[in-house]
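Worksheet: the structure to be examined is printed underneath.
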Amino acid sequence: MFPKPIEKSTPGVRIAYNVVLPVALIVWLLPLIAIFLTSIRPGGDINAGNMFGWPSSFQLIDNYSAVFTQSKALSYLWNSMKITLPATALAVALSCLTGYALSAYRFKWAVPLFFLFVAGNFVPFQILMVPVRDFSVSTGLYDSITGLVLFHAAFQTGFCTLFMRNFMKALPYELIESARIEGVNEWQIFWHIVLPLVRPAVAALSVLVFTFLWNDYFWATVLINGDDLLPITAGVRSLNGQFVSQWHLVSAASLLAALPPVIMFFAMQKHFIAGLTLGATKG
């Protein structure tokens, strides 16, 4: 039922595994390597057609410092923080509450309501572009950080509820029943019993949602009109002018924009892996 561990395979399979794995890793990393080489090459190399070859000179410091001097990179990074952190906290908090309600309460519409949250994840978000934009304009949320935070939290709550409800459903229901018999109210059950048990799942979900929202480009361009409120993912396009394309600076800015999710993942790697494996074994 489960794949055989590579240590128990035949010598030929182990040799093939040790050869193929590094090759597959290099192929997978090739786009990232190409972006990094582009970010440290001079702009003349790209204009001369040297886009994938060895750089004629290395301008690591010059290119990365130009990102901050020729664009509002610091402002864009700060906007990304102001958008991503509140939206992540709001989506995770709401999903913990809805996940607890859908898993702990046995009412008639629990399963249909849960399926409604699941069905929302299958709606292509591109078809919602026009109605969401019109709604944001009519409510005064268009071209604002607050509007982007609220819409991100709303769109992510469906997936987050699916995630948290399944983890909370796996908890022994007897814990909640015994607490109710002892007279503990629902908020105390949620805060002192359920939430500590699913803390690794909350950490894993926070990492996933933070990465999703930080890397968002679509809604940032739909719901933000000016350049002052753009996040870093959409702000890097300002490095390309109408007649001049500075792809070496765009590559440098893109790598800088990718650093916060990578740092957060490694900082919470232990909790992330624990959350993904929570409930995988018993005993």
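The values are calculated or read from the model by the stated rules, or taken from the named source; none is laboratory data. Bear in mind that the values here come from a model prediction, so they are computed numbers and not experimental data. Cβ: placed from backbone, ideal geometry, glycine included. Neighbour counts: every protein chain shown.
Can A66 be described as crowded, with 21+ Cβ neighbours inside 10 Å and more than 20 Å from the chain's Cα centre (by Cα)?
Working: crowded, with 21+ Cβ neighbours inside 10 Å: no; more than 20 Å from the chain's Cα centre (by Cα): yes.
Against the criterion (crowded, with 21+ Cβ neighbours inside 10 Å and more than 20 Å from the chain's Cα centre (by Cα)), A66 does not qualify.
Is at least one residue of the range 2-24 closer than 22 Å to V67 by Cα, in a helix (DSSP H, G or I), outside the structural domain of A253 (by TED's automatic domain parsing) and hydroxyl-bearing (S, T, Y)?
Keep residues of the range 2-24 that are closer than 22 Å to V67 by Cα, which gives none.
Among the residues of the range 2-24, not one is closer than 22 Å to V67 by Cα, in a helix (DSSP H, G or I), outside the structural domain of A253 (by TED's automatic domain parsing) and hydroxyl-bearing (S, T, Y), which makes the answer no.
Name the pairs whose Cβ atoms lie under 9 Å apart, with the first residue in the range 205-227 and more than 11 Å from I83 (Cα to Cα), the second among the charged types (D, E, K, R) and surrounded by fewer than 20 Cβ atoms within 10 Å (Cβ to Cβ), and 6 or more positions between them or separate chains?
T221/R237; V222/R133; L223/R133; L223/D143; I224/D143; N225/D143; G226/D143; D227/K72
Does the range 104-121 contain any residue that is at pLDDT below 85, β-branched (V, I, T) and surrounded by fewer than 20 Cβ atoms within 10 Å (Cβ to Cβ)?
Yes, the range 104-121 has at least one match.
Give me a count of the residues in the range 197-210 that are at pLDDT 90 or above and surrounded by fewer than 18 Cβ atoms within 10 Å (Cβ to Cβ).
0
Hey, can you tell me all the residues within the range 104-127 that are of a type in the set (F, W, Y) and either free of Cβ contacts under 8 Å to residues at least 40 places away in the same chain or within 30 Å of T221 (Cβ to Cβ) (or both)?
Listed by number, the residues that qualify are Y105, F107, W109, F115, F117, F122, F125.
Out of the residues in the range 167-185 meeting the condition of being touching a residue at least 12 places away in the same chain (Cβ under 8 Å) and assigned to a helix (DSSP H, G or I), tell me which one is farthest from R199 (Cα to Cα).
Ranking the qualifying residues of the range 167-185, first place goes to A179.
Mind checking which pairs have a first residue in the range 245-262 that is farther than 23 Å from S206 by Cβ and a second that is part of a helix (DSSP H, G or I) and of a type in the set (D, E), Cβ under 8 Å, 6 or more apart or different chains?
Pairs that qualify, where the first residue is farther than 23 Å from S206 by Cβ and the partner is part of a helix (DSSP H, G or I) and of a type in the set (D, E), are H248/D45.
All but one of (1) in contact with a helix residue (DSSP H, G or I) (Cβ under 6 Å, 6 or more places away or on another chain); (2) small (G, A, S); (3) surrounded by fewer than 16 Cβ atoms within 10 Å (Cβ to Cβ) hold for A34; state the number of the condition that does not hold.
Unmet for A34, out of (1) in contact with a helix residue (DSSP H, G or I) (Cβ under 6 Å, 6 or more places away or on another chain); (2) small (G, A, S); (3) surrounded by fewer than 16 Cβ atoms within 10 Å (Cβ to Cβ): (1).
List pairs: first in the range 228-243 and closer than 17 Å to T69 by Cβ and at pLDDT below 75, second outside any helix (DSSP H, G or I) and of a type outside the set (S, T, N, Q), Cβ under 6 Å, 6+ apart or cross-chain?
If the second residue must be outside any helix (DSSP H, G or I) and of a type outside the set (S, T, N, Q), no pairs are left.
How many residues does the range 39-59 hold that are part of a helix (DSSP H, G or I) and at pLDDT 85 or above?
Qualifying residue count, the range 39-59: 2.
Table: residues versus (1) out of contact with any helix residue (DSSP H, G or I) (no Cβ under 9 Å at 6 or more places or on another chain); (2) assigned by TED's automatic domain parsing to the domain that holds W191; (3) surrounded by 14 or more Cβ atoms within 10 Å (Cβ to Cβ).
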site: W28; (1), (2), (3): yes, no, no
site: I46; (1), (2), (3): no, no, yes
site: L85; (1), (2), (3): no, yes, yes
site: T88; (1), (2), (3): no, yes, yes
site: C96; (1), (2), (3): no, yes, yes
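Select, from F135, F58, F117, F107, the only residue that is assigned by TED's automatic domain parsing to the domain that holds A252 and farther than 30 Å from L175 by Cβ.
Values: F58 fails: assigned by TED's automatic domain parsing to the domain that holds A252; F117 fails: farther than 30 Å from L175 by Cβ; F107 fails: farther than 30 Å from L175 by Cβ.
None of the other options fit; the residue is F135.
For D216, all conditions in the list (1) within 13 Å of the chain's Cα centre (by Cα); (2) assigned to a helix (DSSP H, G or I) hold save one; what is the number of the exception?
(2)
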